Every structure is written in structure tokens, then in C-alpha cells.
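Structure first, commentary second.
The values are calculated or read from the model by the stated rules, or taken from the named source; none is laboratory data. The structure displayed is predicted, hence computed values, not measured ones. Quick reminder, even Gly has a Cβ in these numbers, built from the backbone with ideal geometry, and neighbours come from all protein chains shown.
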Amino acid sequence: MSSHQGHIKYWNSDKGYGFIARENDEDVFVHISQLTPGVQPRVGLQIAFGLKQDHKGRWQAQQVRNLHDDPAPATAPATAVPAAGPLSPLQRLWRMSLLVAALLLASFILVKSITPFYSLNTQQAPASSQLEPGSPYADNAQLQHTLQLILQGGPYPYNQDNSVFHNREKLLPAASAGYYREYTVPTPGARDRAARRVVTGGNPPEVWYYTEDHYRSFVRLDVRS
């Protein structure tokens, strides 16, 4: 069985399942029964795992283990490096300047990365609802804001937004390639995209769907055009 690597991007402790993010590939569903002894699931945990398909042909993780528990590859013996002599005052000043610059850059990147989550998670529902009267989720401020962005054509807070949704789970009606597109609905308190999405069909959208569990179930929305 081939081994894959990734990190847990979403975990529901009450239901015992989550999703694994892989670099340059789709997320994978994982159930708590597939965790090897000693693995404590949490968002951000680096893991190694195998893959299998369920009865519907969807990929799921199995034999999930902590990535750091995998044996490290053999490496050539390290070459001894002579100990460096004491630093001069100028060298110490230069290193301190580099350290301060690195800390400032890291702080800037952190602020930029959390800004979309803060602004959207605290967003109040628009005064004019995007959903038809009586629709479910009308009080979901993040969903309402995402619908508003889609209707106005952006800008979107995530690079993955407005990308093609391939309907590999076959839960939505069959359609031509590129018909469906997906968008992120931010989850308050989450450090990543979590599991909530809007999927639209057509350009401009003519059908709208909402999922809270990363494409495992959908609710059709009545959106004002």
C-alpha cells in the first residue's frame, strides 16, 4: 500500500471524523476508526496514511499514523564542522538586525493571513438577505456574505474560490465538465477553510447548493438573482 502525507485540516470530535489536506491534491475523508494507537487527532497534525475507496468510489484514509513516527530515511554521516570563534560586535549587531527583520515579517504575514477570517467571521448578515423568505440558513452571516460575493463576482478571500467542482461524490445532478463551481463559507474560530462550501451550477449561477460537511451532503438554496 502506497503511503501519503498531509495534515488534518478539519476534525469533528463529536462525530469522530475529519478531513486531511494534501499538497496539490484533493482533501481526503478520515474516520476515527482508521487512526493507529497513539494518534490524537487535531487540526494541523502532520500524518502519514494509506488510501482506499468506499462503496461509492470515494477515497478515504486508512492506517493513519503520526508522520513523525515513520522511520527516517538513512542519511550520510555528518561531517564535523569546526566550532566558530566568538562574534565581533559588528557581527552580533548584524545578526540582531536580521532577527528583528524576520520577526517583523512573520508578524506581517500572520496579520494578513487572519484578516479574511476576522472580517468575515464577524460580518453581520447583509441588510438585504440573499436568500428567499423562509429559506434555511437565513441567519448564517458567513453564508449570506459568501452569496453576496458570488452574486457580485468577488473579490474572494481564498485562492480556491470560484474553482471547478468536479462532483466526484455524484451527489449533485450530472452535468457537463466545468458546470459546477465551489466557494468557501468561513467557519468562525477555524484556522483554515474548514468544511463549509457553496457550490453553484451554471454561469451565471442557476442552481445553488450548500454543504456543511465537505461535500458529503448538500442542501439546495433559494437565492435571489
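Condition first: part of a strand (DSSP E or B), closer than 20 Å to W11 by Cα and not acidic (D, E). Can you find one or more residues in region 148-166 that meet it?
Taking every residue of region 148-166 in turn, none turns out to be part of a strand (DSSP E or B), closer than 20 Å to W11 by Cα and not acidic (D, E).
If the requirement is being out of contact with any helix residue (DSSP H, G or I) (no Cβ under 8 Å at 6 or more places or on another chain), modelled with pLDDT of 90 or more and more than 16 Å from Q144 (Cα to Cα), which of these qualifies: D192, D213?
D213
Could you say whether any residue in region 35-42 is in a strand (DSSP E or B) and at pLDDT 85 or above?
yes
How many residues does region 181-225 hold that are buried (at least 16 other Cβ atoms within 10 Å of the Cβ), part of a loop (DSSP other than H, G, I, E, B) and more than 16 Å from the chain's Cα centre (by Cα)?
The total comes to 3.
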